[in-house]
Amino acid sequence: MSKLGNLGARLHRGEISYDFVGKRKIWYGISILITITAIVGLAVRGLNMGIEFQGGAVFTTPTKMSTTVAQAEEFATSASGHEAVVQKLGNGSLRIQIAGIDTDKSDQIKQTLAQDLKLNPEKLAADLVGPSWGEQIASKAWQGLAIFMVLVVIYLAIAFEWRMAIAALVALIHDITITTGIYALVGFEVTPGTVIGLLTILGYSLYDTVVVFDSLKEQTKDITKQTRFTYSDIANQSINGTLVRSINTTVVALLPVAGLLFIGGGFLGAGTLNDISLSLFVGLAAGAYSSIFIATPLVADLKESEPAMKALRRRVMAKRAQAAAGEDLVTARPGPGDGHEDAAPAVVGPRDQTVSRNRGRGRSSGKRR
């Protein structure tokens, strides 16, 4: 068995464990710090919305253009008065994207741009996106995200309980905030592919969270009938029991996404892959983190506030204190051969007193012959 497989088996059996729930304040602090950084990035830099959301025009040149990307950006910015994004496609043509322009001026921009590029205007393909259509796309994206969140909460509340639904919702919002904040800080363009990537990573994050919740639900049946473990103890066991599974799932999902982002978008220069690959990469990593360090510890906090769980915690702590006191007593009691044979017993219980009173009973009261 591999070392990772052996580690997973020992974690599942409870032979070893890490106190994730006990250190939840550390994880909460880290998440708050990352979330604040993402919010600041959104407030200061904002999102670089693609042409699909704010309208504009996309011009595509014929193949085998001698004009460089930098020259095309300069020509497009000069012709439109707006910042342009130019990408070189695999066939050698240029894709010139100008967002935020009035479609009525697109013909004039096309003529000027074709003249600068030394092209026949008829050979410069133009695709126009009106601002109203872009607003509809953005509105539909937000509606889809809201509907997804509501359905997730309803499902988890029915399948598990409302506390788990709240914890999962907080984890999902955490993942979305971090991912969009990274987009703002990096400056990648937000396209419909980005929205698809966000919905995809929410599904992955929810999957990891539900796996832990299912284990937690199974192990906490009739939890109040025992006095060995608190709810937080069992929650920590659930995280440790599914830890290696979550790591394997996340790593396997991240490898092809990393290939899209770093090799396809970075090394090969396929910039059109960046919009979806970045959201998938950041979202998958954030989703795995939130499932382990946010969702389950938050459920433990919510459950421990219940009167029944508080009473269980008191009983468990009292039993552990009693057991610790008994161990200290056994350690402190002298044993034979340590030079204290004549010392009095540390504690004389009721049974010892009964034995003392009964000593000598059953013997004849007469003289010994």
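Is it fair to say LYS217 is open to solvent by 30 Å² or more (accessible area, probe 1.4 Å), part of a helix (DSSP H, G or I) and not small (Gly, Ala, Ser)? Steps first, answer last, please.
On the way: open to solvent by 30 Å² or more (accessible area, probe 1.4 Å): yes; part of a helix (DSSP H, G or I): yes; not small (Gly, Ala, Ser): yes.
Here the answer is yes, as LYS217 does meet what is asked.
Just one of the numbered conditions (1) of a type in the set (A, V, I, L, M, F, W, C); (2) in contact (Cβ under 8 Å) with a residue 40 or more places away in the chain; (3) under 30 Å from GLY55 (Cα atoms); (4) open to solvent by less than 70 Å² (accessible area, probe 1.4 Å) is not true of VAL170: (3).
Exactly one residue among ASP214, ASP222 is on the phi > 0 side of the Ramachandran plot and among the charged types (D, E, K, R), and that residue is ASP222. Anything in segment 283-332 that is open to solvent by 20 Å² or more (accessible area, probe 1.4 Å), among the small types (Gly, Ala, Ser) and within 22 Å of TYR18 (Cβ to Cβ)? List them, or say none. If the condition is that a residue be open to solvent by 20 Å² or more (accessible area, probe 1.4 Å), among the small types (Gly, Ala, Ser) and within 22 Å of TYR18 (Cβ to Cβ), then ALA285 is the only one that fits. VAL210 meets the stated requirement of being β-branched (Val, Ile, Thr), under 20 Å from ALA157 (Cα atoms) and in contact (Cβ under 8 Å) with a residue 40 or more places away in the chain.
Residues to consider are SER238, SER205; find the one that is over 16 Å from the mean Cα position of the chain (by Cα), crowded, with 19+ Cβ neighbours inside 10 Å and under 16 Å from ALA288 (Cβ atoms). Spell out how you get there, then give the answer.
On the way: SER205 fails: over 16 Å from the mean Cα position of the chain (by Cα).
Unique residue meeting the criteria: SER238.
Of all residues in segment 130-154 being surrounded by 12 or more Cβ atoms within 10 Å (Cβ to Cβ) and under 19 Å from the mean Cα position of the chain (by Cα), which is modelled with the lowest pLDDT? That would be LEU145. Scanning segment 173-202 for residues that are crowded, with 22+ Cβ neighbours inside 10 Å and of a type in the set (Gly, Ala, Ser) returns GLY181, GLY197. Among the residues of segment 48-69, the ones that are open to solvent by 70 Å² or more (accessible area, probe 1.4 Å), more than 22 Å from LYS105 (Cα to Cα) and not hydroxyl-bearing (Ser, Thr, Tyr) come to 1 in all.
The values are calculated or read from the model by the stated rules, or taken from the named source; none is laboratory data. The shown structure was predicted, so the numbers you read here are calculated from the model rather than taken from an experiment. Virtual Cβ from ideal backbone geometry, glycine too; neighbours counted across all protein chains shown. The area values use the complete protein model at the heavy-atom level, side chains included, leaving out ligands, DNA and RNA. Shrake-Rupley method; radii C 1.70, N 1.55, O 1.52, S 1.80 Å.
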